[in-house]
Amino acid sequence: MKSGQQKKQAGISFIGLLFVIGVLASAGILAAQAFPTVIEYQAVLKGVQKASAGNSVTEVRQIFDKAADVDNISSIKGRDLDISKEGDRVIVKFAYNKEIHMFGPAYLLLKYAGQSR
């Protein structure tokens, strides 16, 4: 064997490791801020399903507002719902935006929309 031959090192440098940790930390912080909005969206869907049992526009909005109070929904109110009828079924639609401040002038805009089944 040759005495001057060295094994080639493999792996990640310290600077590379810091970069990867920084990217993962940033993604984790962003996900932690977005997760509550997804939970709220699920609560809105559940409230819309309950509200679609109403017979009039006023009743649907009241049912949704009561569900919103129980589930702590703050992004949308009963007056923001789009209520229509298809045959004998009440269809309740909604859409709203949620902004998450990232840094400086940068925001993440999440658009949520859905309807009752």
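The values are calculated or read from the model by the stated rules, or taken from the named source; none is laboratory data. Model, not experiment: these values are computed from the prediction. So basically every Cβ, Gly included, is an ideal-geometry build from the backbone, and we count neighbours across all protein chains shown.
For the residues E40, E86, the requirement of being of a type in the set (D, E) and modelled with pLDDT of 90 or more singles out E40. Within segment 79-117, being basic (K, R) and either in a strand (DSSP E or B) or closer than 19 Å to T58 by Cα (or both) holds for R79, K85, R89, K93, K98, K111. Residue by residue through segment 41-78, note down the ones that are part of a loop (DSSP other than H, G, I, E, B), of a type in the set (A, V, I, L, M) and under 19 Å from the mean Cα position of the chain (by Cα). Across segment 41-78, the qualifying residues are I73, I76.
Over 30 Å from A25 (Cα atoms), surrounded by fewer than 11 Cβ atoms within 10 Å (Cβ to Cβ), in contact (Cβ under 8 Å) with a residue 24 or more places away in the chain and not small (G, A, S): is that true of R117 in this structure? Judged against the criteria, R117 is a match. Looking at segment 82-91, is at least one residue surrounded by 14 or more Cβ atoms within 10 Å (Cβ to Cβ) and within 21 Å of the chain's Cα centre (by Cα)? No, segment 82-91 contains no residue that is surrounded by 14 or more Cβ atoms within 10 Å (Cβ to Cβ) and within 21 Å of the chain's Cα centre (by Cα).
Would you confirm whether or not segment 5-15 contains a residue that is in contact (Cβ under 8 Å) with a residue 24 or more places away in the chain and either among the hydrophobic types (A, V, I, L, M, F, W, C) or loosely packed, with under 10 Cβ neighbours inside 10 Å (or both)? Within segment 5-15 (the criterion being in contact (Cβ under 8 Å) with a residue 24 or more places away in the chain and either among the hydrophobic types (A, V, I, L, M, F, W, C) or loosely packed, with under 10 Cβ neighbours inside 10 Å (or both)), the answer is no, since none of the residues qualifies.
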